[in-house]
């Protein structure tokens, strides 16, 4: 079983990537388990009808034990994808990461991570800010990590922090497969991300262009690869799927994250200085 976790700054496009890849793989006959590691439980939004959605935390609260039956939380999505949403507490109450930790305890109890699927795909909330959100890599469930990133400074910052977490947990066998650019229209974005990846010691996968088709698909509660398969974004996701399928197992790496000082220097050199004149013009009345 290939187990890949998609990380990145909140709003970077992780869910778009994870769900689209799941659909593409499933339509090729692969058995896919999609795991939503976010208390907002929005990973399966485009795959499972609204009235059939449930979270593991909700089911555990009803059942009261970790022996909750799989058919109460395992949702059947588009193309036969099995979906699990960890869920979490109500906003402002409790620990959001606890739902993810509970999810792995239940998955282990039911043996769902023991080769029952060809692919396990994790859609993980934002940065690694606590042990719960780090669970896929800390526990060794996810052996490969892809970071969805753009040329925006905070997206780069989050990616660098995630690489620090991968170094911390390298003993579990987890490795960085590469960066997935989800472009935001930053000047020289592709080139900057290529240089950033080089510093981290990793590769850059096919870039996903800005495409209104993605937002239209969200409104329709579908993935872009189903709603607009001929769109630029869908075509890029198809190429990305092929890259991941053909990825050599030993080509993923332990990254070399930048120190805080080195990251600041990168931002100054690669982002701020080349755009200083443009930023100055934009600030004029």
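Observations, loosely collected:
- Per-region count, the range 3-18, residues surrounded by fewer than 22 Cβ atoms within 10 Å (Cβ to Cβ), over 20 Å from residue 118 (Cα atoms) and either touching a residue at least 40 places away in the same chain (Cβ under 8 Å) or in contact with a helix residue (DSSP H, G or I) (Cβ under 6 Å, 6 or more places away or on another chain) (or both): 1
- Yes/no for residue 216 being on the phi < 0 side of the Ramachandran plot and surrounded by 21 or more Cβ atoms within 10 Å (Cβ to Cβ): no
- Condition met for residue 166 (buried (at least 18 other Cβ atoms within 10 Å of the Cβ) and more than 22 Å from residue 140 (Cα to Cα)): no
- Scanning the range 244-265 for residues that are part of a helix (DSSP H, G or I) and more than 16 Å from residue 118 (Cα to Cα) yields 250, 251, 260, 261, 262, 263, 264, 265.
- Evaluating residue 201 against the criteria (1) loosely packed, with under 14 Cβ neighbours inside 10 Å; (2) touching a strand residue (DSSP E or B) at 6+ places or on another chain (Cβ under 8 Å); (3) within 24 Å of residue 78 (Cα to Cα) leaves one unmet condition, (3).
- Selected residue (criterion: nearest to residue 210 (Cα to Cα)) from residues of the range 223-238 that are in contact (Cβ under 8 Å) with a residue 24 or more places away in the chain and part of a helix (DSSP H, G or I): 233
- Pairs, first at negative phi in the range 156-167, second outside any helix (DSSP H, G or I) and surrounded by fewer than 18 Cβ atoms within 10 Å (Cβ to Cβ), C-beta under 7 Å, six or more apart: 166/254; 167/254
- Only residues that are in a helix (DSSP H, G or I), under 19 Å from residue 250 (Cα atoms) and in contact with a helix residue (DSSP H, G or I) (Cβ under 6 Å, 6 or more places away or on another chain) were counted across the range 171-221, and they come to 1.
- Scanning the range 52-68 for residues that are at pLDDT below 75 and surrounded by fewer than 18 Cβ atoms within 10 Å (Cβ to Cβ) returns 61, 62, 63, 64, 65, 66, 67.
- Identity of the residue in the range 24-43, within 23 Å of residue 232 (Cα to Cα) and buried (at least 24 other Cβ atoms within 10 Å of the Cβ), that ends up farthest from the chain's Cα centre (by Cα): 24
The values are calculated or read from the model by the stated rules, or taken from the named source; none is laboratory data. The model shown is predicted, which means the values in this text are computed figures rather than measured ones. For neighbour counting, all protein chains shown are included, and Cβ atoms are generated from backbone atoms with ideal geometry for every residue, glycine included.
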